[in-house]
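Report on the following structure.
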Amino acid sequence: MQEPIDKIWFDKLAAIHPFSLVGKLTGDPKSRLAKKEQFLANEIENPKFKYPRLVVFKIDRKRKRLEALRADIDANEESEIIKRAYCRLIDEKLSHLNILEAAQTEDDTMFEKLVTSEFGGPSSEVLHRLMPHVTDMLEKAESHDNELSSNAALRIKELILDIPTSDDPLFESFNHESEKTITASKIKKRFKLELANNNICDWSVTLDGECRSASIIIDQKSKNILIPGHRRVSESRLEALVKHEIGVHVMRRVNAESSTFMLLSAGLDHYIRGDEGLAKFEEHAIYPAALNSTIEMYFIAALVMGLAGKKMNFRETYNLFYDYYLASRHNKDGLSEKGAQNYGWNRAVRLFKGTTGQSRGICFTHDLAYMHGYIDLLKILESHPNEQNRFYNGKYDPANAFHRKLMDELEPDSK
């Protein structure tokens, strides 16, 4: 096997111990539970969030080491394409440090500025193209005999009276999710089987009994798939998740590990948009309802940030997630206010990640990458159809022109 062309820089970058932006913004489970109980009891209007992992995180030290490595690469790397790839990635990491510093100092205004610069924000055009899906769901819920669902739909409709509906919808109708669900332990068993079927021996699957996240986490550093102990999915959704998490996220890394360019295994700068876009594309092909949560998060983030005319605070956002849960699940048996409370809290906490929870309209736009990446992928399949031949050759964004140029130089025969 040929020696990787970027081994020296990859090893130096690894020695700095790359950090996870999302991981550093994780709250303490016990503290969050106490705040949740206070919030649901209406003892506090909006929860004040703290991020204990930031207390001990040496941001300045990490910044200096990354800046020194960037200067070293800029001065000593002869290949312009390798130099640009690493400098772009380091610049992204430096941007993430600035975001973490804003969260650490509880500066929501700076946090908003940095996050929207790094990840972008919701667009009116996309919101309008999602409205046919949303209104179809609300109409079905409103006409349903479940009073919880119909009332929730009416409350949401009051909020969106002035939002136009595009004549070019992304999704015209709402797809119901399957009712019958399986447990987290069975999800774990299926994931382990998929790893074995693909001869992937150095990855593991574990259950998170503390449920520190409501979502399945792919830990690239430890090569571990962490499944929340309370996670439940339908059997059909499970197969879509297997394709999303292992078929895309894990396989793109596994395939890149035999590449001559090691950075493709860890990810080029801003690769997450392409990674999540491809994962959602593949997931949706197996299970159309897989995009329901992506549409919901984009729709609500847009309303929170004022695209319907008024910015929203945490409690208003919780109420909207609460209602969306009830309306979108109008066909399910056993629908309850308690389920809506838990869902509303978890989704609102995710959207307000990194903020103090006290500022109106300021949220974490990281998750918009799922929808933006999906839309980007549809455009690439149309404008660069041959690009799909190398979608799985590493962690890059097919819609990023620099990434495509780098891949062209690395794999001239794959164009």
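What do you get for GluC sites (Glu not before Pro) in segment 1-87 restricted to DSSP loop and a cutoff of at most 16 other Cβ within 10 Å of the site's Cβ? Walk me through the intermediate numbers first.
Values: sites: 37, 43, 45, 67, 77, 78, 80; in loops: 43, 45, 77, 78.
Answer in residue order: 43, 45, 78.
Counting each DSSP H run of 4 or more residues in the chain as -39500 (n - 2.57), what helix-only mean residue ellipticity at 222 nm follows after dividing by all residues, to the nearest 500 deg cm²/dmol?
Numbers: 19 runs with 232 residues, N = 415.
After summing the helix terms and dividing by the residues of the chain, the value is -17500 deg cm²/dmol.
When all alpha-carbon pairs of segment 139-197 are counted, what percent fall beyond 12 Å? Spell out each step's value before the answer.
On the way: 1355 of 1711 pairs.
It works out to 79 percent of all Cα pairs.
Working from Cα positions, state the angle (0 to 90°, nearest 10) between the long axis of helix 368-383 and the longest principal axis of the chain.
60 degrees
Along the charge dipole of the chain, Cβ charges K/R +1 and D/E -1, which of 220, 154, 264 sits furthest on the positive end?
Comparing the listed Cα positions along the dipole, 220 ranks first.
Per 0.36 nm of contour for each residue apart, how much would the distance between residue 215 and residue 91 grow if the chain were fully extended, relative to their Cα-Cα spacing?
Details: separation 124, 0.36 × 124 = 44.64 nm, distance 2.77 nm.
That pair, residue 215 and residue 91, stretches by 41.9 nm at full extension.
Simple spin-label model, 7 Å along Cα-to-Cβ: residue 74 to residue 118 in nm?
Label-label distance for residue 74 and residue 118, simple model: 2.0 nm.
Of 335, 394, 16, whose Cα points farthest to the positive end of the dipole of the chain (charges on the beta-carbon: +1 Lys, Arg; -1 Asp, Glu; origin at the Cα centre)?
16
Could you give the dipole magnitude of segment 161-211 about its Cα centre, charging the beta-carbon of Lys and Arg +1 and that of Asp and Glu -1, in debye to the nearest 20? Before the final figure, lay out the partial values.
Numbers: 6 positive and 10 negative charges, 143 e Å.
With Lys and Arg at +1 and Asp and Glu at -1, about 680 debye.
Which is farthest toward the positive dipole end of segment 1-115 among 115, 99, 25, measuring Cα position about the Cα centre, with Cβ charges +1 (Lys, Arg) and -1 (Asp, Glu)?
25
Under unit Cβ charges (Lys, Arg +1; Asp, Glu -1), what dipole magnitude, rounded to 20 debye, does segment 145-297 have relative to its Cα centre? Walk me through the numbers on the way to the answer.
Values: 19 positive and 24 negative charges, 175 e Å.
Magnitude of the dipole: close to 840 debye.
Among residues other than residue 286 whose Cβ falls under 15 Å from its Cβ, what is the net charge (Lys/Arg +1, Asp/Glu -1)? Working shown, then result.
Numbers: positive: 190, 237, 243, 280; negative: 177, 194, 235, 239, 245, 282, 283.
Computed value for this residue: -3.
Run the reach check for residue 64 against lysines, Cα to Cα strictly under 30 Å, same-chain hits fewer than 8 apart removed. What comes back?
Straight-distance partners of residue 64: 7, 12, 24, 50, 83, 93, 113, 221, 223, 353, 395, 405.
Would the chain count as rounded, prolate or oblate if I go by the C-alpha gyration tensor, calling it rounded below 1.5 in a/c and otherwise prolate when a/b exceeds b/c, oblate otherwise? The partial results should precede the final answer.
Numbers: a/c = 1.64, a/b = 1.42, b/c = 1.16.
In terms of gyration-tensor shape, prolate.
I need the trypsin sites (Lys or Arg not before Pro) found in segment 54-122, filtered to DSSP loop residues with at most 10 other beta carbons within 10 Å of theirs. Let's see the in-between values first.
Values: sites: 58, 61, 62, 63, 64, 65, 70, 83, 84, 88, 93, 113; in loops: 58.
Sites meeting the loop and neighbour criteria: 58.
With a 1.4 Å probe and all protein chains kept in place, how do 297, 305 rank by accessible area, largest first? Intermediate results must be reported in sequence, preceding the final value.
Working: 297 10, 305 35 Å².
Output order, biggest surface exposure first: 305, 297.
Relative contact order for segment 306-415: what is it in percent, counting Cα pairs under 8 Å that are at least 6 residues apart?
Working: 79 pairs, mean separation 22.2, N = 110.
Relative contact order comes out at 20 percent.
Using DSSP, restrict attention to beta bridges with both residues in the chain and report what percent are antiparallel, rounded to the nearest 5. Intermediate results must be reported in sequence, preceding the final value.
Numbers: 5 of 10 bridges.
Of all bridge pairs located within the chain, approximately 50 percent are antiparallel.
In segment 137-207, what trypsin sites (Lys or Arg not before Pro) fall in a loop by DSSP, with at most 13 other Cβ atoms inside 10 Å?
Details: sites: 140, 155, 157, 180, 186, 188, 189, 190, 192; in loops: 180.
Sites meeting the loop and neighbour criteria: 180.
Counting only protein heavy atoms and a 1.4 Å probe, tell me what percentage of segment 140-203's accessible area is made up of carbon and sulfur.
Values: 1860 of 4140 Å².
About 45 percent, which is the carbon plus sulfur part of the accessible surface.
May I ask you to compute the full-extension gain from residue 61 to residue 145, defined as 0.36 nm times their residue separation minus their alpha-carbon distance, rounded to one decimal in nm?
Net length gain for the segment: 24.3 nm.
For segment 200-338, what is the accessible area per residue in Å² when the probe is 1.4 Å? The partial results should precede the final answer.
Numbers: 4860 Å² over 139 residues.
I get 35 Å² per residue for segment 200-338.
With contacts defined as alpha carbon pairs under 8 Å and 6 or more residues apart, what's the relative contact order of segment 86-155 in percent?
Working: 23 pairs, mean separation 11.6, N = 70.
Dividing the mean separation by the residue count of segment 86-155 yields 17 percent.
Might you report the magnitude of the Cβ-based charge dipole of the chain about its Cα centre, with Lys and Arg at +1 and Asp and Glu at -1, to the nearest 20 debye?
Details: 59 positive and 63 negative charges, 314 e Å.
Taking the Cα centre of the chain as origin, the dipole is about 1500 debye.
If contacts are Cα pairs under 8 angstrom and at least 6 residues apart, what is the relative contact order of the chain in percent?
Numbers: 595 pairs, mean separation 86.6, N = 415.
Rounded, it is 21 percent for the chain.
At R0 = 56 Å, how high is the FRET efficiency between residue 384 and residue 176 if r is their beta carbon distance? Nearest 0.05 is fine. Each step should come with its number before you reach the end.
Working: r = 34 Å, r/R0 = 0.61.
FRET efficiency, residue 384 to residue 176: 0.95.
Counting only heavy atoms of protein chains, what accessible area per residue, in Å², does segment 14-155 have with a probe of 1.4 Å?
Working: 7190 Å² over 142 residues.
About 51 Å² of surface per residue is accessible.
Evaluate E = 1/(1 + (r/R0)^6) for residue 405 and residue 44, where r is the Cβ-Cβ distance and R0 equals 60 Å; express this FRET efficiency to the nearest 0.05. Please report the intermediate quantities before stating the final value.
On the way: r = 51 Å, r/R0 = 0.85.
E between residue 405 and residue 44, to the nearest 0.05, is 0.75.
The values are calculated or read from the model by the stated rules, or taken from the named source; none is laboratory data. Here the structure is a predicted model, which is why all the values come from computation and not from measurement. Heads up, the Cβs are rebuilt from the backbone with ideal geometry, glycines too, and the neighbour counts pull from every protein chain shown. When the accessible area is computed, the model is the full protein with side chains, heavy atoms only, and any ligands, DNA or RNA have been set aside. Shrake-Rupley method; radii C 1.70, N 1.55, O 1.52, S 1.80 Å.
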